[in-house]
Each structure stands twice: as C-alpha cells, then as structure tokens.
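The values are calculated or read from the model by the stated rules, or taken from the named source; none is laboratory data. Please read all numbers here as calculations on a predicted model, not as lab measurements. We place every Cβ from the backbone using ideal geometry, glycine too, and count neighbours over all the protein chains shown. Heads up: the accessible areas ignore ligands, DNA and RNA and are worked out on the full protein's heavy atoms, side chains in. Shrake-Rupley method; radii C 1.70, N 1.55, O 1.52, S 1.80 Å.
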Amino acid sequence: MLGTNNSVMTKPCLVAYFTVATFALLTCANLLDKRATCIVPSGQSVSVDHVPAIKAAIQSCGNDGVIVIPAGYTYQIRCPLDFAGCINCEVQIEGTLKLSSDTAYWDGVRAAITVTNINSATIHSKTGSGVIDGNGVPF
C-alpha cells in the first residue's frame, strides 16, 4: 500500500514539474523571439565604408538585440570598427567583413576591429559562413 501511495503521489508531482518547466521554456522562447533585430544594409561597393551602417545597427539593436551581417555580402571596413555599445547583444556575422587594402591608412592604427566596453556580447556565425578578412593588412 505504501508503494502504491508513493506512485500515485509521484506522478502528479512529475506532471506538475514538467508543466512548470514547459511553461518556463515557452516563456523564455517568447522573450528571445521579441529581441530587436537589425540587418546591416550593404552598399555593395568596395568604395563604400560600411562601418557607419554597422555602428548604426549597434546603436539601434545593441542593447539586448541582434545585429546581422547577412550571408552573400562583403562589408568594407575602411576605418576602425568598435563594437562598443553592445549590452547583452548578439552579432551574427554570416557575410564577410573585409578590411580595405589601403595599407597607408592602416599604418599606425593599433586595431581595425575592437571589442571594448562590451557587456555580455556574443559575436559569432550561426552557419559557419561568416568571415573577417584582414586583406593582408599587417598589424
């Protein structure tokens, strides 16, 4: 009889546990879906500096949002890029960030891309297709 009572009591507790866990997971998933997302537009030209567009996306979505560098595009980095302003943000680099080949400009610059003053940021490629191309510029 003791075993039967334990079995009866255990099943509702497990159901309640899974119900609460499922609710918690659904709630967390709903919160993640509501994150602001900024897709950085590409000027599609090697003469365009995409740093201002990337910085604008960080300013708009950098606070707990997602910044996407989409696949299939090359974004020219013609001046230093700093990811400052990311607070719990996610940066998905799926396209290519490519430094300009102007070695005279980069001479004396300590870093082309910096990640200073960031609080809990994730910078990655979900697909594995993202590239940061230094274009042979020595640092």
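Anything in segment 121-139 that is under 13 Å from THR96 (Cα atoms) and touching a helix residue (DSSP H, G or I) at 6+ places or on another chain (Cβ under 8 Å)? List them, or say none. If the condition is that a residue be under 13 Å from THR96 (Cα atoms) and touching a helix residue (DSSP H, G or I) at 6+ places or on another chain (Cβ under 8 Å), then no residue fits.
Among the residues of segment 122-139, at least one is modelled with pLDDT under 90 and open to solvent by less than 30 Å² (accessible area, probe 1.4 Å).
Candidates in segment 45-72 are the residues that are out of contact with any strand residue (DSSP E or B) (no Cβ under 7 Å at 6 or more places or on another chain) and either among the basic types (Lys, Arg) or part of a loop (DSSP other than H, G, I, E, B) (or both); of these, the one that is least open to solvent (accessible area, probe 1.4 Å) is SER45. The residues of segment 82-120 that are out of contact with any helix residue (DSSP H, G or I) (no Cβ under 8 Å at 6 or more places or on another chain), crowded, with 18+ Cβ neighbours inside 10 Å and in a loop (DSSP other than H, G, I, E, B), listed by number, are GLU94, GLY95, ILE118.
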